[in-house]
Amino acid sequence: MRYRFALALIVGVMLFSPCGPAKADAGGLSFWLPGTFGSLAAAPGVPGWAYSTIYLHVQTSAQGGKEFVSGSSVVAGLNARADAVVQGLTYTFATPVLGGQAAVSVLGAPGHVGVGIDATLTGPRGNTISGHATDERTTFADVFYQGSLKWNHGVHNTMVYLTGNIPSSTYDAARLANLSFGFVAVDGGAGYTYLDPKTGREFSVVGGLTYSFINPDTQYQNGIDFHLDWGASQFVSKNVQIGLAGYFFQQLTGDSGSGAKLGDFRGRVLGIGPQIGFLFPVGDAHQGYLNLKAYKDFAAENRPEGFTAWVTLAITPAAPEAPPKRPMIHK
C-alpha cells in the first residue's frame, strides 16, 4: 500500500494547469481559473519527464441585469461556452533544491470558444447598440509556464509555485470570443497536502495571488486577485480515489485604466463539486492517472456563474519498486 501511494504522489505535479478559456476581469473572469489546483497538489513527484493532457469545459452565463466590459464595449446578458485541450510537459529534477524537489512545466491549449450577448449597451465610439450578438471561433490560448518547489515530511507536504503566461497574439479586442488574455499576468503562492498511506486519506489546499499587467489593446488592467483551491479525497482501493474539490476566489483591488468603464468591478465566486481518480500502469517504466472533476459556481459577484468540468490524463515515471526484505540470519 505504501508504494501504491508513492505512485499516487507522482500525479500531484500534473493535477493543475494554469490555463482556462477565459477573458480578463474585464469580461467578468480572470487569468486564474478557479479550481486549477486539486488533490495531491503539493505531493512530490518522481524525477523525470511527465506528460499531461487536460480536456477543459467551461460554461457560464449572467442575466441581462448584469453588465460586463468585453473588449471596448459594455455588454449585458452574457453567455459563454469554451472547450480546450491543454497539452503539458513537466520535468522534475532529481537533485534537491533548497532541500526540496523542483519541477518546471510548459503548457499550451487549442480550443473552441463561443460567446453570446443580449445587448451591447455602449459601443466603441460611445454609441448605443441594442440586439443579440454571437461570436465563436477555434483558436489558441496563451503559452503558460510554471515552476514549483515541494518538500515532504512524512504525511505532510508543502510547496511554493510561480506561474504566468506568454501571450499568443491571438487576442482580438474587436471579438467577443477569445482564448488568449491579451495581457501578461504572473501568479504565485503556496500549498499543503496531507496524505496518509495507512488510512488512504488526503487533503490539499493551495492559495495564491495574481498580478495582471495592462491590456494594451483595451487599456484595461485587472486588479490583484486572491484564490484558494482545495481538494479532499479517500483512496477506497489501491487504485481508486473519490472525494470533493472546491475553490474561493476574491478580487482584492479594483480594476483600472481608461477601459475600466464599470469602475473597480471586483469579482468573487465560490465553487464545489465531486472528483474521482484512477491509477493504472503504462508499461514497465510509467504510470497513468485519470482524474475527473467538476465544479458548480455559487455566490458570484461581478462574474458569470456556471460550471467547469476537467478530465486529466497524466503519464509519469513509475515509482521505484519496494526493496525486498532480507531474511534475518541467526547464529
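The values are calculated or read from the model by the stated rules, or taken from the named source; none is laboratory data. What you see is a predicted model; the values in this text were computed from it and never measured. Glycine also receives a Cβ, built like all others from the backbone with ideal geometry; neighbour counts cover every protein chain displayed. The area values use the complete protein model at the heavy-atom level, side chains included, leaving out ligands, DNA and RNA. Shrake-Rupley method; radii C 1.70, N 1.55, O 1.52, S 1.80 Å.
Does Thr210 meet the test of being closer than 30 Å to Pro96 by Cα and in contact (Cβ under 8 Å) with a residue 60 or more places away in the chain?
On the way: closer than 30 Å to Pro96 by Cα: yes; in contact (Cβ under 8 Å) with a residue 60 or more places away in the chain: yes.
In short, yes.
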Problem - Residues of region 240-269 that turn out to be more than 14 Å from Thr210 (Cβ to Cβ), assigned to a loop (DSSP other than H, G, I, E, B) and in contact with a helix residue (DSSP H, G or I) (Cβ under 8 Å, 6 or more places away or on another chain), as a count - result: 3
Exercise for the section: Check off (1) in contact with a helix residue (DSSP H, G or I) (Cβ under 8 Å, 6 or more places away or on another chain); (2) of a type outside the set (D, E, K, R); (3) over 21 Å from Ser212 (Cα atoms) for Ser148 and give me the number that stays unchecked. Expected result: (3)
Exercise for the section: With respect to Ala41, determine if the residue is modelled with pLDDT of 60 or more and in a loop (DSSP other than H, G, I, E, B). Expected result: yes
Completion exercise
Checked Gly123, Gly99, Gly131 against criteria (modelled with pLDDT of 90 or more, over 17 Å from Val58 (Cβ atoms) and surrounded by fewer than 16 Cβ atoms within 10 Å (Cβ to Cβ)); the one match is Gly99
Fill in the blank from the handout: Residue hits (region 256-281; of a type outside the set (A, V, I, L, M), crowded, with 16+ Cβ neighbours inside 10 Å and farther than 21 Å from Thr36 by Cβ) are Ser256, Gly259, Lys261, Phe265
Exercise for the section: Pull up region 53-73, narrow it to residues that are surrounded by 19 or more Cβ atoms within 10 Å (Cβ to Cβ) and at pLDDT 65 or above, then point me to the one that is farthest from the chain's Cα centre (by Cα). Expected result: Ala62
Exercise for the section: Tell me, yes or no, whether region 220-228 has at least one residue that is in contact (Cβ under 8 Å) with a residue 40 or more places away in the chain and more than 20 Å from Leu33 (Cα to Cα). Expected result: no
Practice task
Kindly indicate whether Leu149 is farther than 24 Å from Glu301 by Cβ, open to solvent by 10 Å² or more (accessible area, probe 1.4 Å), part of a strand (DSSP E or B) and in contact with a strand residue (DSSP E or B) (Cβ under 9 Å, 6 or more places away or on another chain).
Solution key: yes
